[in-house]
2 protein chains.
Amino acid sequence: MNITPRAQLLGDLKPLDPSHFAGRAAARDLLAAQKPALPTTAIVVRFEPGARNYWHAHEGGQVLYVIEGAGWVQVRGGAPQRIQVGDAVRAEPGEAHWHGAARSGPLAHIAINVGEARWFEESPAPGD
Amino acid sequence: MNITPRAQLLGDLKPLDPSHFAGRAAARDLLAAQKPALPTTAIVVRFEPGARNYWHAHEGGQVLYVIEGAGWVQVRGGAPQRIQVGDAVRAEPGEAHWHGAARSGPLAHIAINVGEARWFEESPAPGD
């Protein structure tokens, strides 16, 4: 699990191939291509205050980008980590984790899900 | 090409499977799984004012989510359409298009790219 805070996500970008761009553009990788390719979906998810998903893992990992509010992510064996608008999260293939809203308000994120998800037991109640 | 404005992106969501969630959570699809699966990448791209990519098309389509600033997208044969922070854009498989920043400021977006990209000629200079 890796969290790129909002303040860093738009910094330290690599220039893009000038043969395909007019003017200056730069980029940062969030998700590399899978070999072999795995079915990949993207969804917007909105959690009401205190709501979260159960422990789960994605065959090819997952990328989250927070678009509203604040909340938590936790990896099996680690402490909960706070996330907020503009943060990007990378869960590794097979890494059991959960994510959801703080008790004090909603959380919405884009999720890019690579391969099948495996679901486990209920996750702990999040903090504020 | 379909643009979902920021004001709609978090509205009209479908409740998620309660067997995998504690509390209430709802979602909207941005990208369906591919059959057969295509290699999928996700990147953050930041365009300087006036910068844009050349006309191009993605074998399996593309999803954009604007995270900074404002700019333009255009589909071959259509008029340029303005995009801004919080808007989501869906380009269909094989649909030739370009995207980039307004002349007056930068644009950054997340791009989810499905399958190989084909690149064409330079795109027109964007508006303010």
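The values are calculated or read from the model by the stated rules, or taken from the named source; none is laboratory data. Keep in mind that what you see is a predicted model, and the values were worked out from it rather than measured. Cβ atoms come from the backbone with ideal geometry, glycine included; neighbour counts cover every protein chain shown. SASA here: full protein model, heavy atoms, side chains in, ligands and nucleic acids out. Shrake-Rupley method; radii C 1.70, N 1.55, O 1.52, S 1.80 Å.
Structure values in brief
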quantity	calculated
Selection status of residue B:96, open to solvent by less than 30 Å² (accessible area, probe 1.4 Å), at the interface with chain A (Cβ under 9 Å from one of its Cβ atoms) and out of contact with any Asp or Glu (no Cβ under 9 Å at 6 or more places or on another chain)	no
The listed residue being among the basic types (Lys, Arg) and facing chain B (nearest Cβ under 7 Å), out of A:52, A:6	A:52
Filtered residue count, the range A:93-128, keeping only those that are among the polar types (S, T, N, Q) and in contact with a Ser or Thr (Cβ under 8 Å, 6 or more places away or on another chain)	1
Condition check for residue B:122: within 30 Å of residue A:59 (Cα to Cα), at pLDDT 95 or above and among the charged types (D, E, K, R)	no
Conditions (1) more than 9 Å from chain A (Cβ to nearest Cβ); (2) under 24 Å from residue B:128 (Cβ atoms): number failed by residue B:58	(2)
Condition check for residue A:101: more than 22 Å from residue B:111 (Cα to Cα), touching a Leu at 6+ places or on another chain (Cβ under 6 Å) and among the aliphatic types (A, V, I, L, M)	yes
Hits in the range B:77-92 (condition: part of a loop (DSSP other than H, G, I, E, B) and either open to solvent by less than 60 Å² (accessible area, probe 1.4 Å) or out of contact with any strand residue (DSSP E or B) (no Cβ under 7 Å at 6 or more places or on another chain) (or both))	B:77, B:78, B:79, B:85, B:86, B:87, B:92
Counted residues, the range B:2-60 - those being small (Gly, Ala, Ser) and within 15 Å of the chain's Cα centre (by Cα)	4
Residues of the range B:17-41 that turn out to be open to solvent by less than 70 Å² (accessible area, probe 1.4 Å), at the interface with chain A (Cβ under 7 Å from one of its Cβ atoms) and within 30 Å of residue A:103 (Cβ to Cβ), as a count	9
Some residue of the range B:110-119 being of a type outside the set (Asp, Glu), over 29 Å from residue A:109 (Cβ atoms) and more than 10 Å from chain A (Cβ to nearest Cβ)	yes
Restricting the range B:42-58 to residues that are open to solvent by less than 10 Å² (accessible area, probe 1.4 Å) and in contact with a Lys or Arg (Cβ under 6 Å, 6 or more places away or on another chain), the residue that is farthest from residue B:100 (Cα to Cα)	B:57
